[in-house]
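Engineer: The structure that follows is given in the form of structure tokens.
The values are calculated or read from the model by the stated rules, or taken from the named source; none is laboratory data. All values reported here derive from a predicted model rather than from experimental measurement. Positions of Cβ are backbone-derived with ideal geometry, glycine not excepted, and every protein chain shown enters the neighbour counts.
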Amino acid sequence: MHLSQFTQILRLTARSTSHFDARQTMLFSDYTQCAQACLNTYAYGTNCLSYSTQVQQSSCLCSDTSFTAIVAQCTYNNCGYMILEDTASAAVSNCDTANTPSPWTVQQIIKAGMSGKSKTIQSVSYLP
């Protein structure tokens, strides 16, 4: 995906926040807007958002290594290394805060993100 296409998706995303409830917006508020696009897109592919509290949702997402890997790949492919590094650090910290330590270290998340560079990753967009 070209940077200009991703930028357009982010603009559409910003206007389409009504597709996400306030809990999800709060859940990912520690992340950059670019990383939030990946987090929001792939969180819908899990059952974690069905939990009623942010702590339960965070615990569920922290335990889901497939979610972590695809978000890391999406973040690297669409946002770059620096945002991936920030996202990995925030994820590990947020999981610790939710009393569900990440099964992966920051470096393992970064490695997973960079390993997906050649793979086709779903375009980042919000689902209606």
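Engineer: Any idea how many residues of region 90-125 are hydroxyl-bearing (Ser, Thr, Tyr), within 24 Å of residue 59 (Cβ to Cβ) and at pLDDT below 95?
Structural biologist: Total satisfying the criteria: 4.
Engineer: Can you find, within region 24-53, the residue that is modelled with the lowest pLDDT among those that are assigned to a helix (DSSP H, G or I) and surrounded by fewer than 14 Cβ atoms within 10 Å (Cβ to Cβ)? Write out each step before concluding.
Structural biologist: Residues of region 24-53 assigned to a helix (DSSP H, G or I): 24-27, 33-43, 48-50.
Next, only the ones that are surrounded by fewer than 14 Cβ atoms within 10 Å (Cβ to Cβ) stay: 25-26, 33, 50.
Numbers: 25: 49, 26: 60, 33: 91, 50: 91.
The qualifying residue modelled with the lowest pLDDT is 25.
Engineer: Still on this structure, I have one more. Quick one: in region 63-76, which of the residues that are touching a residue at least 24 places away in the same chain (Cβ under 8 Å) and not hydrophobic (A, V, I, L, M, F, W, C) is surrounded by the fewest Cβ atoms within 10 Å (Cβ to Cβ)?
Structural biologist: Going through the qualifying residues, I end up with 65.
Engineer: Select from region 77-89 the residues that are under 13 Å from the mean Cα position of the chain (by Cα) and modelled with pLDDT of 95 or more and write down the one among them that is surrounded by the most Cβ atoms within 10 Å (Cβ to Cβ).
Structural biologist: Start the filter on region 77-89 by keeping residues that are under 13 Å from the mean Cα position of the chain (by Cα), which leaves 77-79, 83-89.
Still in the list and also modelled with pLDDT of 95 or more: 83-89.
Numbers: 83: 19, 84: 27, 85: 17, 86: 18, 87: 29, 88: 27, 89: 14.
Step by step, filter region 77-89, then rank; the result is 87.
Engineer: Tell me whether region 30-50 contains one or more residues that are touching an Asp or Glu at 6+ places or on another chain (Cβ under 7 Å), touching a residue at least 60 places away in the same chain (Cβ under 8 Å) and over 11 Å from residue 110 (Cα atoms).
Structural biologist: Within region 30-50 (the criterion being touching an Asp or Glu at 6+ places or on another chain (Cβ under 7 Å), touching a residue at least 60 places away in the same chain (Cβ under 8 Å) and over 11 Å from residue 110 (Cα atoms)), the answer is no, since none of the residues qualifies.
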